[in-house]
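For reference, the structure discussed in these notes is given below.
The values are calculated or read from the model by the stated rules, or taken from the named source; none is laboratory data. Just so you know, these numbers come straight off a predicted model, no measurement behind them. Methodologically, a virtual Cβ is constructed for each residue, glycine included, from the backbone with ideal geometry; neighbour enumeration extends over all protein chains shown. Protein only, heavy atoms only, side chains kept; ligands, DNA and RNA dropped before computing areas. Shrake-Rupley method; radii C 1.70, N 1.55, O 1.52, S 1.80 Å.
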Amino acid sequence: MKARAFWTVAPGMGEISEHDLPAPAPDQALVVTRASGISRGTERLVFTGRVPESQWGAMGAPLMQGAFPFPVSYGYAAVGVVQDGPAALRGRRVFCLHPHHDAFLAPAAMCIPIPDAVPDRRAVLAANMETAVNILWDARPLVGERVLVVGAGVVGLLAAFLLARIPGLDLAVCDLDASRRGLVEGFGARFCAPDDAPGDRDLVVHASASGAGLRLALTRCGFEGRIVEASWFGDRAVELPLGEAFHAKRLSLVSTQVGAVAPAMRGRRTHGERLALALSLLDDARLDALLGPDIPFSELPARIGSVLLPDAGAPQPLCPVVTYI
């Protein structure tokens, strides 16, 4: 059958091309796509050609096609229905870490069934929810801790959504965009502007992808507090005030990255089990507020620039959704 794929072919330039799909091998599934999510932080770096050469290997999505910097077909949030493949998957809705294609072949083991209670559109958040799960596994939050999340983008909001389930947590979420207040409060946390961010935090999750946000995280940590860095800066260098209270307060700065299962659960959960857990955690209609705008697949080359690089003052989307049917 024929399939269409979105490719980034130069900085800020995308196109859709058509190719033939062979019959699936015994260990493969043929998936017809219904929706896919755009991960704005990571895909912006790919779309603008700002993935550092030293990170080309680490940044490769599992089923990415092409190579950095260009041409590359990138993405990792596809939802579809298995048209052909192993009997256990045939006809089922699945999530797969695949780029924006209207149909694709993937290893059957990477096609994770979607719970019936999670609609297609919300299921595109699974990759970001998996990142949030890994953040909590790296952060190891405790009942009653004072916690601050810096950055109310998709990853920061999903981390806050999970943190808010822990009893007794004093949880604040900080962002420059006051329009995120309703989302934060709907998840059971309190919203604050950077200048009003509370201090003496036991745990700070940094997800703003800005140097200013990480510097704020350092200033708001209490004695022997820990900062979990969830942002990806691409080729940007970040200057930090490590000569101030960093040593006196014995702070810990810990990286978290979804490519490996966090040490707390490594050996206990596989990547597939972590993704299945993330999908199950999407059974909450409040998360629909993170989605949009919707972009028909045929319009993706013309519109992806406006959602990845919106004009100053324009609304900042959270998770744009590519639609296929």
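With a/c under 1.5 counting as rounded, go ahead and sort the range 247-314 into rounded, prolate or oblate using the C-alpha gyration tensor (a ≥ b ≥ c being the square roots of the eigenvalues; past the cut-off, prolate if a/b is larger than b/c, else oblate).
Working: a/c = 2.38, a/b = 1.48, b/c = 1.61.
Oblate shape, in that a/c is at least 1.5 and b/c is the bigger or equal ratio.
Amide H of residue 92 versus every other amide H placed in the peptide plane: which residues, excluding those fewer than 5 positions away on the same chain, fall under 5 Å?
For residue 92, the qualifying residues are 82.
How would you order 180-186, 316-322, 154-160 from highest to lowest mean count of nearby Cβ atoms within 10 Å?
154-160, 316-322, 180-186
Can you tell me the equivalent ellipsoid semi-axes for the range 1-43? Use √(5λ) from the Cα gyration tensor, largest first, whole Å.
Numbers: eigenvalues 121, 43, 17 Å².
Over the Cα atoms of the range 1-43, the ellipsoid semi-axes are 25, 15, 9 Å.
Restricting to the chain, compute how many DSSP beta bridges are antiparallel as a %, nearest 5. Working shown, then result.
On the way: 32 of 58 bridges.
In the chain, approximately 55 percent of DSSP beta bridges are antiparallel ones.
Please list, in chain and number order, the residues 5+ apart from residue 145 or on another chain whose amide H is under 5 Å from its amide H, with Hs placed from the backbone.
170
Starting from the Cα of residue 235, move 7 Å in the Cα-to-Cβ direction to define the label point; list residues of the range 54-78 whose amide nitrogen is under 14 Å from there.
Within reach of a label on residue 235: 54-56, 68-70.
For the range 1-124, just list the percent of Cα-Cα distances falling in each 10 Å bin from zero outward, please.
Whole-percent P(r) values from 0 Å outward: 14, 44, 32, 11, 0.
Under a 5 Å amide H to amide H cut-off, with H placed in plane at 1.01 Å, what residues pair with residue 29 once short-range neighbours are removed?
Under 5 Å from the amide H of residue 29: 106, 108.
Using only alpha carbon pairs under 8 Å that are at least six residues apart, calculate the relative contact order of the range 215-325 and give it in whole percent. The partial results should precede the final answer.
Details: 81 pairs, mean separation 23.7, N = 111.
Worked out over the range 215-325, it gives 21 percent.
Using the heavy atoms of the protein chains and a 1.4 angstrom probe, tell me the accessible area per residue for the range 3-145 in square angstrom.
39
Using Cα-Cα distances under 8 Å and only pairs 6 or more residues apart, what relative contact order does the chain have, in percent?
The value is 19 percent.
Note the listed values (1) 30, 54, 16, 0; (2) 32, 58, 10, 0; (3) 30, 51, 11, 5, 2, 0, then indicate which one is P(r) over Cα pairs in 20 Å bins from 0, in percent calculated from this particular structure.
This structure yields the entry labelled (2).
Could you work out Rg/(2.2 N^0.38 Å) for the range 145-264, with Rg from alpha carbons only?
1.00
Express in Å², to the nearest 10, the accessible area of residue 249 obtained by rolling a 1.4 Å probe over the protein heavy atoms while all chains stay in place.
50
Please compute the per residue accessible area over the range 157-316 with all protein chains in place, 1.4 Å probe, rounded to a whole number of Å².
48
Please arrange 224, 53, 130 by accessible surface area, largest first, computed with a 1.4 Å probe and ligands excluded.
Of 224, 53, 130, the descending order of accessible area is 53, 224, 130.
What are the ³J(HN,Hα) values, in whole Hz, obtained from phi via the Karplus relation 6.51 cos²θ - 1.76 cosθ + 1.60 with θ = phi - 60°, for each residue of the range 317-325 in sequence order, with x given for Gly and Pro?
x, 8, 10, x, 10, 8, 10, 10, 9
Can you tell me, using C-alpha contacts under 8 Å and at least 6 residues apart, the relative contact order of the range 150-281 as a whole percent?
Answer for the range 150-281 is 19 percent.
In whole Hz, with x marking every Gly and Pro, tabulate ³J(HN,Hα) for the range 298-313 from phi via Karplus 6.51 cos²θ - 1.76 cosθ + 1.60, θ = phi - 60°.
Going residue by residue, I get 5, 9, 4, x, 7, 10, 5, x, 6, 8, 7, 10, x, 4, 4, x Hz, with x marking Gly and Pro.
Taking all protein chains in place and a 1.4 Å probe, what share, in percent, of the accessible surface of the range 1-121 do carbon and sulfur account for?
That fraction is 54 percent.
Express the carbon and sulfur contribution to the solvent-accessible surface of the range 202-260 as a percent, rounded to the nearest whole number, probe 1.4 angstrom.
Solvent-exposed carbon and sulfur of the range 202-260 make up 53 percent of the total.
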